[in-house]
Amino acid sequence: MASSKIGILVVSGSLERLQMAAMVASVGAVGGDEVSVFLSMNALSYFIKDHAAAAPAEAEFGRIMAGKNVPPFKELFQKATEFGDARIYPCSMALDVLGAKPEDLEPYLGPPIGLTKFLIDTEGGRMMTF
């Protein structure tokens with residue numbers, strides 16, 4: 001299978017959606033795809049250092065998953081950047097709305113960018129939204 005671009009737009013703060021986005025990012029990156037992840041709106045706050053609240057389960061599967069030995073979504077995103085060609089970008093607008101600065105974010109995140117840049121950079125690739 002030839003490598004390609006995968007754009008992952010993550011705006012949900014639910015455990016299931018964050019988990020699936022992280023799984024797609026890590027599998028794609030390790031498989032040789034060029035993966036770009038854009039964290040915005042309800043998703044971004046989970047990537048602020050020392051964010052204590054857990055992502056809420058959306059439904060039954062999320063509650064079951066929380067009690068199993070499933071790698072956490074943040075760990076999967078980090079592994080995607082370490083073991084594959086994945087870049088994870090915080091949304092500059094969402095960062096402003098949250099009153100956070102780039103240095104407040106997890107160290108494996110790239111620099112903040114806007115949605116327009118993300119869409120231009122991922123043009124021609126597969127786009128997924130969570």
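Every number here is computed from the coordinates shown, using simple stated rules; none is lab data. Just so you know, these numbers come straight off a predicted model, no measurement behind them. All Cβ positions, glycine included, derive from the backbone under ideal geometry; neighbour counts span all protein chains shown.
Some notes on this structure:
- Using 0.36 nm per residue and subtracting the Cα-Cα separation, the extra length available between residue 83 and residue 45 on full extension is 11.3 nm.
- Under 5 Å between amide hydrogens, built in the peptide plane, is the criterion, and for residue 114 it picks out 92 among residues at least 5 positions away or on other chains.
- Gyration tensor (alpha-carbon) shape descriptor, the chain, a/c threshold 1.5: oblate
- Our coupling estimate for segment 72-84, obtained by passing each phi through the Karplus curve with A = 6.51, B = -1.76, C = 1.60 and θ = phi - 60°, is x, 4, 5, 5, 5, 4, 4, 4, 4, 7, 7, 10, x Hz, Gly and Pro reported as x.
- At most 15 other Cβ within 10 Å, DSSP loop - GluC sites (Glu not before Pro), segment 63-130: 123
- Rel. contact order, % - alpha carbon contacts under 8 angstrom, at least six apart, segment 5-129: 37 percent
- Taking Cβ atoms as reference points and 14 Å as the exclusive limit, the residues near residue 110 contribute a net charge of -4, counting Lys and Arg as +1 and Asp and Glu as -1.
- Amide H contacts of residue 34: 4, 5, 6, each under 5 Å away and 5 or more positions distant or on a separate chain (H built 1.01 Å from N in the peptide plane; Pro and chain starts excluded).
- Taking the fewest neighbouring Cβ atoms within 10 Å as the starting point, the ordered list for 36, 12 is 12, 36.
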